[in-house]
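Input: a single structure, listed below in structure tokens.
The values are calculated or read from the model by the stated rules, or taken from the named source; none is laboratory data. This is a predicted model, so every value here is computed, not measured. Here the Cβ is made from the backbone with ideal geometry for all residues, glycine too, and neighbour counts use every protein chain on show. These area figures cover heavy atoms from the full protein model, side chains too; ligands, DNA and RNA do not enter into them. Shrake-Rupley method; radii C 1.70, N 1.55, O 1.52, S 1.80 Å.
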Amino acid sequence: MDFESLSADLRSLQARALKEIAEVSDPASLEALQIQYLGKKGDLTAVLRGIGALPAEDRPRVGAVANEVGEAVKGALAVRGAELHAQVQALRLASEKVDVTLPGRPVGRGTLHPIPETIAAITEVFGQFGFVVYEGPEVEDDLTNFQMLNMPPDHPARDLWDTLYVDIPGHLLRTHTSPGQMRVMQTTRPPIRALLPGRCFRYEAVDASHGFEFFQVEGLMVDEGTSMADLKGLLDEFAHALFGPRKTRFRPGYYPFTEPSVAFDVECVVCGGVGCPACSKSGWMTILGAGMVHPVVLQYGGIDPERYQGFAFGMGVERIANLRHAVPDLRYYLENDLRFLDQFR
Amino acid sequence: MRVPLNWLREYVDIQQTPEQLAERLTLLGMEVKGIEQWGADWRSVVVGELLTVEKHPHADRLHLTTVNVGSGEPLHIVCGANNIAPGQRVPVALPGAVLPGERRIERTEKMGIASEGMLCSGDELKITTDAEGILILPAGTPLGKQLSDLYGDVVLDVDVKPNRGDALCLIGLAREVAAATGAAIRWPDIAVEEKGGPVGERLRVEVKEPELCTRFVGRWISGARIGPSPDTIQMRLQAAGMRPVSNVVDASNYVMLELGKPTHTFNGAAVNDATIIVRLAIAGERLETLDHVVRDLTPDTLIIADPKGPIGIAGVMGGADSEITDATTEIAIESAIFDPVSIRRTGHRYALRSEASLRFEKGQEFRLARLGADRVAQLTLAWAGGSCAGGRIDTSPTEPAPARLAFRPARVSKLLGDDIPIANQRDLLRRVGIETEPASSGVRINVSAEPKPLVVDPGSAEVLVAVVPTWRRDLAVEADVAEEVARVRGYEATPAHLPDTLMPAYRPSPLKVRDAIREMLVGAGLSEVVTHALVSPEHEARLKWPVDGEDRPIDDPEVGETIVVTNPLSSQHSVLRRHLVGSLLDVLALNERQGRADVAVFEVGKGYGRAGGEPREWTRLALLLAGSAQPASWNRAPRPYDLDDAKGLVELLCRHLSLPEPAYHADERGFPFHPGRAFSVSEQSEHEVLDGRVAELHPDVTAEWDLRSQRVIVAELAIRGLADGLLPRVYVEPIPRFPEVERDLAVIVDDSRTAAEVQATIARHGGELLRGVRLFDLYRGAPLAATEKSLAYRLVFGTNDRTLTEGEVDEAMAAVRDGLAADLAAHIRS
């Protein structure tokens, strides 16, 4: 064995290896080739076994050739390996193609009911102006629901609230959230900025715009200089927050527990103020009642009407929700047909 | 109140269009709810003149007429009425006309003769109530004119508030128009021609209850002839929504609408001894009222009587026996002031509320008793003839002077939030008839009236005295003056600004916990519902949801008795619910009827009860799961809801509220629960924060509710803080610095052992290195015995100061194994 024949063997090994590497078509065969040529018991090692028979001066030269051959084979293996990997990956990815237009896997989510959501929308607006939420009982006493609100027994204004009575003497189902004003005044001192959302009841036959159970949000603000101008400013903000930049109208109303009393109108959300059946051709929709708290009411609340004054307002939650969501029938709310509720996604 | 504008114009000039007037009144506080074109339903009805009237050749009761309608050829019209004659002007419905009630008039043939339209009666036009004869129009009525142009009117529907009884009449609304427009009021000229002898010789009046009848004015007319009132009057009454009856009754109704004064006219001949007695009824007395209902009178009813017995319920309704009939000639006129509360109670007691009682309830101006009696007498004489006795019976002829109400203009400005100069305030008040004058010294201010009067010394503040017109009984305190100033000025003049006063202290919202739970459950796929609090008594009877001690609400010691509505609208909604689950079953039933099988809903709502005569309310979370938890999809198999879904939600809830793991205790009572699939739940903290029941319903319950769903999972939970709580704070544990060690353990126990027992035993024996235990498999079957099951747990060990050695963990595992063997006779599967 001499240097020439040994290096010729190495060169032919290289040529054979590169050829086979180029021809191989799958990663497993490529790996087999790597073992066959470069493994501990591989062909390259086998050729180099003859190196011992060479003269000492030739050995480094053979070593250099062997290195070159080894590097060349290694390089070819790497290149081919990368190619094969890319091919295989491309094939796999191609095989994994999906019809992306198919619908997804449903993630179940329910819906929040529009009544509490509307209450949340209302409290959010007034909350920004420092109003905090209180709650009062739904089974009220006559004293708080009527008498302390300036409606003694047999007061004609009681006709405005047809009442459901219960089998507890002196008690009834609250006809409005206004008794909550009394509960707040009796438990806290001015400055007061309170909101009272909740369920109310009236003796009222059910139709598309009436129900015997409904929800209201009451507001109360009392301080030394709280005026009707404050009320007007706040209600304007509220109307704009919920209904966008619409005209508003402040006009006299009547409640026994406010003086002066206010009815608050917003430009009709259906016709924009031109006049349509929804607003009885007036161009306006009344969204709440309000007024300056009557001195008698302040007194019942333990607040000196000479020092303090304030306003209260009350609105029907369903009314607000109807206008915001174009709900055609009040009965939808407590019926809970999912075909209605599902629309609030 | 319906206000015909042409009638209103009698008392005040109106320059505005009806729409403009309606807006002005609305902004003044007299809300106009509607504007009606009265007579708009006389389409193609014109004025015609009868040229000829002849007998119909084939029918005795019909006439052939020719009518000139102002243009074109005279029309040939067949008519059945007997009051027609040539030369009369009559309403003619032309072919194509449409009369009230959508009655169409076409060219027809009557008994062989063509008829080119119809002559109209007052009743057919709803102008008068006369259905017998044709409406004969005044001689000068212009030929060919549309009837609606002549007699049509615009009627405003004004919502008069309960405090403004004075405005429940044309004069009252004319005053408001005057305030809005600056026009002057024209009172009718009330004067009675008295030709008869002194009234005292015809009528005696005794008021036994002067507190309840503060004034009684009586008049007497003899020789009246009862008949219809003039057509124009009938038209006015009809337009105002009141049915014409007869001239005398119409006079009384006319005065009620005109002046706001209800009066009553009796057939004088039917008043025994011509003596009217105002007294309380005596038990056992009865009266047939004008509506022909015989009523048993209770002793607290104020009545009008004669010496023989009741002839009317005071202020509410007259008696049938003394009703004005066609034969009546003697008329007794009653114009009284009654106590509003007494009238109101009487109206409620007999479920009988009339236009009269509505006005009495709101209080009456004192002088109206006199004016009303005179006006009714005047109109009766004009429309029914006869002669009026001289003078009036008047039990209280002294009429009070106007009240004087002191106010501080500066307070008015402060309340309204705008500086309104004093001169301005005085001008504004003058427009509603309130004169003002400077206050004398020592004057006091009514800040608040009965039942909590507050009268203060104004000190150095400038004070004015308002002279309150006698009809304005609603003005009693300073704030009332402020409202008058504000409304006459126009609320739109009030500035709008955001409050700049002190803010209240922070207060957490009671809605916070509720909102967190709502959001969470919606994210978990449930929909929120809001159901009726008023339910049927059947609900509770059918469901029998337990109300024992275990179930009591956390925030209330007792569920108590059911609260019953004493005047329910229907039995379906006659009691307040104690539990929410029944309402959710109703929701399921409704949606099943709409073809929805998959229903997952929850409600955060109240339960109600009574204990010790006091009402109680508590807030609960209820949920219901029926149908598929995962509806079938092209990429997923469906899965029905089961009890584990409800448990998962309870566990999610506990995590969300930072509560410890909940513990479950089987409830094997059976109905209303599946006896093997129900449990009570409570979390294991020191202060119990959550408890309630979770169950699959017994099949008999689903059958009772007619449900299609075979399995319905429900839960009702009391959660402390649901009513008014804060979300618990999260306290962070440091992230472990040393690795944790996991070991699995398969525990074979008798089937009667619960998972909760096994887990608790592991926890008890695991030592302080044991950080967590989680069940990951449950197995029954070979090679286990039939009475055995295998529960596989993953145990996590760790400590904060070092990496555990194998030996330490082995030791802890050995303790767990030994404990399981000793406590539960468990063995470990290897």
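Examine the range B:417-430 for a residue that is at the interface with chain A (Cβ under 9 Å from one of its Cβ atoms), touching a Gly at 6+ places or on another chain (Cβ under 9 Å) and either in a loop (DSSP other than H, G, I, E, B) or not basic (Lys, Arg) (or both), and state whether such a residue exists.
So far as the range B:417-430 goes, yes, one or more of its residues are at the interface with chain A (Cβ under 9 Å from one of its Cβ atoms), touching a Gly at 6+ places or on another chain (Cβ under 9 Å) and either in a loop (DSSP other than H, G, I, E, B) or not basic (Lys, Arg) (or both).
What are the residues in the range B:468-499 that are open to solvent by 50 Å² or more (accessible area, probe 1.4 Å) and within 15 Å of B:Leu416 (Cα to Cα), if any?
B:Arg489, B:Glu492, B:Ala496, B:His497, B:Leu498
Among the listed residues A:Gly63, A:Gly42, A:Gly50, identify the single one that is open to solvent by less than 40 Å² (accessible area, probe 1.4 Å), in the same structural domain as A:Leu91 (by TED's automatic domain parsing) and within 21 Å of A:Arg80 (Cα to Cα).
Step by step, each of A:Gly63, A:Gly42, A:Gly50 is checked, and only A:Gly42 is open to solvent by less than 40 Å² (accessible area, probe 1.4 Å), in the same structural domain as A:Leu91 (by TED's automatic domain parsing) and within 21 Å of A:Arg80 (Cα to Cα).
Of everything in the range A:185-223, what is open to solvent by less than 10 Å² (accessible area, probe 1.4 Å) and more than 10 Å from chain B (Cβ to nearest Cβ)? Give them in sequence order.
A:Met185, A:Leu196, A:Cys200, A:Val217, A:Glu218, A:Gly219, A:Leu220
Please determine whether any residue of the range B:197-210 is of a type in the set (A, V, I, L, M, F, W, C), assigned by TED's automatic domain parsing to the domain that holds B:Ala332 and closer than 30 Å to B:Leu156 by Cα.
Within the range B:197-210, not a single residue is of a type in the set (A, V, I, L, M, F, W, C), assigned by TED's automatic domain parsing to the domain that holds B:Ala332 and closer than 30 Å to B:Leu156 by Cα.
What pairs come up if the first residue lies in the range B:727-743 and is in contact (Cβ under 8 Å) with a residue 40 or more places away in the chain and outside any loop (DSSP other than H, G, I, E, B), the second is charged (D, E, K, R) and surrounded by 10 or more Cβ atoms within 10 Å (Cβ to Cβ), and their beta carbons are under 6 Å apart, counting only those six or more places apart or on different chains?
These pairs meet every condition: B:Glu742/B:Arg794.
State the number of residues belonging to the range B:359-389 that are touching a Phe, Trp or Tyr at 6+ places or on another chain (Cβ under 6 Å) and open to solvent by less than 10 Å² (accessible area, probe 1.4 Å).
Total meeting the criteria: 2.
Please tell me if A:Gly104 is of a type in the set (Gly, Ala, Ser), surrounded by fewer than 15 Cβ atoms within 10 Å (Cβ to Cβ) and not in a helix (DSSP H, G or I).
For A:Gly104, the condition - of a type in the set (Gly, Ala, Ser), surrounded by fewer than 15 Cβ atoms within 10 Å (Cβ to Cβ) and not in a helix (DSSP H, G or I) - is met.
Only residues that are of a type in the set (A, V, I, L, M, F, W, C) and over 20 Å from A:Leu195 (Cβ atoms): list them for the range A:277-310, please.
Across the range A:277-310, the qualifying residues are A:Ala278, A:Cys279, A:Trp284, A:Met285, A:Val296.
Which of the numbered conditions does A:Leu341 fail, given that it passes all the others? Conditions: (1) within 11 Å of chain B (Cβ to nearest Cβ); (2) among the aliphatic types (A, V, I, L, M); (3) assigned to a strand (DSSP E or B).
(3)
Looking only at the range B:629-661, which residues are of a type in the set (S, T, N, Q) and either away from chain A (no Cβ under 11 Å) or buried (at least 18 other Cβ atoms within 10 Å of the Cβ) (or both)?
Across the range B:629-661, the qualifying residue is only B:Ser658.
Taking the options B:Leu534, B:Leu502, name whichever one is open to solvent by 10 Å² or more (accessible area, probe 1.4 Å), facing another protein chain (nearest Cβ under 7 Å) and of a type in the set (A, V, I, L, M).
When all the criteria are applied, what remains is B:Leu502.
Failed condition for A:Asp167, given (1) within 8 Å of chain B (Cβ to nearest Cβ); (2) open to solvent by 40 Å² or more (accessible area, probe 1.4 Å); (3) in contact (Cβ under 8 Å) with a residue 40 or more places away in the chain, with all others met?
All conditions pass for A:Asp167, except number (3).
If you go through the range B:794-817 one residue at a time, how many are in a strand (DSSP E or B) and closer than 15 Å to B:Gly767 by Cβ?
3
Can you name the condition, by its number, that B:Ala785 falls short on among (1) loosely packed, with under 15 Cβ neighbours inside 10 Å; (2) under 22 Å from B:Phe679 (Cα atoms)?
Here B:Ala785 clears every test but (2).
Does B:Gly39 count as modelled with pLDDT under 95 and either open to solvent by less than 10 Å² (accessible area, probe 1.4 Å) or within 14 Å of another protein chain (Cβ to nearest Cβ) (or both)?
Yes.
Given the residues B:Ala622, B:Ala666, B:Ala703, which is the only one that is more than 14 Å from chain A (Cβ to nearest Cβ) and closer than 23 Å to B:Thr531 by Cα?
B:Ala703
Of the residues B:Asp801, B:Asp810, which is loosely packed, with under 10 Cβ neighbours inside 10 Å and in the same structural domain as B:Thr754 (by TED's automatic domain parsing)?
Result: B:Asp801 is the single residue among B:Asp801, B:Asp810 that is loosely packed, with under 10 Cβ neighbours inside 10 Å and in the same structural domain as B:Thr754 (by TED's automatic domain parsing).
In the range B:681-690, is there at least one residue being at pLDDT 90 or above, of a type in the set (Gly, Ala, Ser) and under 60 Å from the mean Cα position of the chain (by Cα)?
No, because not a single residue in the range B:681-690 is at pLDDT 90 or above, of a type in the set (Gly, Ala, Ser) and under 60 Å from the mean Cα position of the chain (by Cα).
Take the residues in the range B:595-611 that are open to solvent by 10 Å² or more (accessible area, probe 1.4 Å) and at pLDDT 95 or above; name whichever of them is nearest to A:Ile115 (Cα to Cα).
That would be B:Val604.
Of (1) more than 20 Å from B:His827 (Cα to Cα); (2) open to solvent by 30 Å² or more (accessible area, probe 1.4 Å); (3) in a strand (DSSP E or B), B:Leu775 satisfies all except one. Which?
(1)
Given the criteria over 33 Å from the mean Cα position of the chain (by Cα) and either open to solvent by 10 Å² or more (accessible area, probe 1.4 Å) or of a type in the set (Lys, Arg) (or both), does A:Val274 qualify?
yes
Criterion first (closer than 30 Å to A:Asp9 by Cα and open to solvent by less than 70 Å² (accessible area, probe 1.4 Å)) does A:Val73 satisfy it?
In short, yes.
Grab the helices (runs of 4 or more DSSP H) fully contained in the range B:95-201, keeping just those with 1 or more residues being surrounded by 14 or more Cβ atoms within 10 Å (Cβ to Cβ) and free of Cβ contacts under 8 Å to residues at least 12 places away in the same chain.
Output list reads B:122-125.
Identify, by number, the condition in (1) under 30 Å from A:Ala239 (Cβ atoms); (2) within 8 Å of chain B (Cβ to nearest Cβ) that A:Met148 doesn't meet.
Going through the list (1) under 30 Å from A:Ala239 (Cβ atoms); (2) within 8 Å of chain B (Cβ to nearest Cβ), A:Met148 breaks only (2).
Scan the range A:130-144 and tell me whether some residue there is more than 9 Å from chain B (Cβ to nearest Cβ), surrounded by fewer than 17 Cβ atoms within 10 Å (Cβ to Cβ) and under 30 Å from B:Pro453 (Cβ atoms).
Scanning the range A:130-144, I find at least one residue that is more than 9 Å from chain B (Cβ to nearest Cβ), surrounded by fewer than 17 Cβ atoms within 10 Å (Cβ to Cβ) and under 30 Å from B:Pro453 (Cβ atoms), so the answer is yes.
Test B:Ser413 against the criterion of being surrounded by fewer than 23 Cβ atoms within 10 Å (Cβ to Cβ), within 14 Å of chain A (Cβ to nearest Cβ) and either free of Cβ contacts under 8 Å to residues at least 60 places away in the same chain or touching a Ser or Thr at 6+ places or on another chain (Cβ under 6 Å) (or both), and give yes or no.
yes
For the range B:446-492, give me the residue count where each residue is assigned to a strand (DSSP E or B) and within 10 Å of chain A (Cβ to nearest Cβ).
The total comes to 5.
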